[in-house]
Structures are given as C-alpha cells and as structure tokens.
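The values are calculated or read from the model by the stated rules, or taken from the named source; none is laboratory data. Source: prediction; values computed, not measured. Glycine gets a Cβ as well: all are built from the backbone with ideal geometry, and neighbour counts include every protein chain shown. With ligands, DNA and RNA removed, areas are computed over all heavy atoms of the protein, side chains included. Shrake-Rupley method; radii C 1.70, N 1.55, O 1.52, S 1.80 Å.
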Amino acid sequence: QNIREIEQRDENQILAELAGETISEYIYETEIWDWVPQPDGKKKKQKIRKVKLSWAGTREAARAKGNIVASDPVVTDLEDVIRIVVKFTDLANNFSVFGGCHQPRKMKVNDWDQETGEIKGSHLEDDPYCFQKGLSKAQRNGLTACIPADWTAKMIDRFLKASKTAGQKG
C-alpha cells in the first residue's frame with residue numbers, strides 16, 4: 001500500500017508540473033507498520049516513520065550531485081501499457097543503471113454521486129498523459145538507483161531542515 005501511495009503522489013506531482021505548477025514537496029513522510037527489534041531480542045510490530053524523496057526531490061538530488069547523464073529513452077508500445085527504459089550514468093563514478101516503467105494506457109476515474117458527492121464506483125478511461133507519466137517514472141526509478149544512499153540521506157536531511165524552517169516562518 002505504501003508503494004501505491006507513493007506512486008499516486010508522484011503521478012500527482014507529474015501532472016501538476018504538466019499544468020505549469022511549481023513543485024516544492026521534495027520528500028514524502030509516511031507511517032507504516034513494521035516489525036521492530038526490541039532490547040530483549042524479540043520483534044514488536046509498531047508504526048514507524050518513513051521518509052522518501054518525491055519525484056521532484058529525486059530530480060533535485062540528482063541535479064545537486066551532478067555528473068549524471070541519461071540516454072535517450074527506449075519506448076515500447078504494448079497493447080495495454082507503454083514500456084519506457086532509460087539508462088543513467090554517474091560519470092564521476094563510472095556507474096550505470098537502468099530505470100524503467102510499465103505505464104498503463106488507461107486510468108481509473110471515480111464515479112461521483114451528484115447529490116451526496118460520495119464515490120459510488122469507478123471506471124477506466126484512456127489516459128492522455130500516460131507517456132509523460134511513464135517517462136517521468138522511468139527517470140525517477142533510474143535516478144533513484146544512481147544516487148548513492150548517503151547522498152540521498154543528506155538530501156532528505158537538507159529538505160527536512162528546510163521544511164521545518166519554512167514551517168516556523170509561516
């Protein structure tokens with residue numbers, strides 16, 4: 001479920017950028033249930049906080065790191081999905097990874113009750129932005145794998161500090 005939530009949040013960022021909006025949410029903070037080791041050696045299921053770079057945050061972390069180049073995307077049109085693969089190379093470390101995405105051609109659209117405003121079902125429609133979503137997700141997946149974990153941690157810390165400072169001003 002956490003993965004689906006992150007995917008939806010990234011899709012929302014992608015669509016917002018397509019609409020010309022400026023994205024300032026560089027991290028996502030979520031809570032999940034996980035097994036956590038206890039002092040007695042046993043594990044206890046409890047809620048833990050997870051912080052992850054958003055699509056915009058991943059792109060900003062890659063820009064800040066620098067020396068990462070992308071190949072032209074390889075796009076394969078399939079019946080129900082578009083498959084996109086992009087190769088990223090960290091020139092400073094001579095390290096390459098691939099980022100890929102299978103993006104459905106159709107999107108789920110909620111059906112609303114006109115009187116109550118409640119969701120009463122859903123249906124699938126052609127997604128006019130499936131290519132843009134897929135390309136952005138392939139880039140996100142490749143860049144995420146190309147950025148070293150310690151660099152990602154530093155960027156998350158920087159973004160957390162910046163969001164706390166912004167929260168104190170408002």
**Residue tally, condition over 12 Å from ARG59 (Cα atoms) and modelled with pLDDT of 90 or more, over the range 19-33** = 4
**Prompt:** What are the pairs, 6+ residues apart or on separate chains, where a residue within the range 7-33 that is assigned to a helix (DSSP H, G or I) has its Cβ under 8 Å from a residue that is open to solvent by 90 Å² or more (accessible area, probe 1.4 Å)?
**Reply:** ILE14/TYR129; LEU15/TYR129; LEU18/TYR129
**Item:** Candidate set from the range 107-122 (those that are open to solvent by less than 60 Å² (accessible area, probe 1.4 Å) and of a type in the set (D, E, K, R)); member that is nearest to GLN8 (Cα to Cα)
**Value:** ASP111
**Prompt:** Restricting attention to the range 1-56, and to residues there that are exposed (fewer than 14 other Cβ atoms within 10 Å of the Cβ) and among the hydroxyl-bearing types (Ser, Thr, Tyr), which single residue is farthest from ILE147 (Cα to Cα)?
**Reply:** THR22
**Item:** All helices (runs of 4 or more DSSP H) inside the range 54-170 with 1 or more residues being in contact with a Gly (Cβ under 8 Å, 6 or more places away or on another chain) and touching a residue at least 24 places away in the same chain (Cβ under 8 Å)
**Value:** 130-146, 149-169
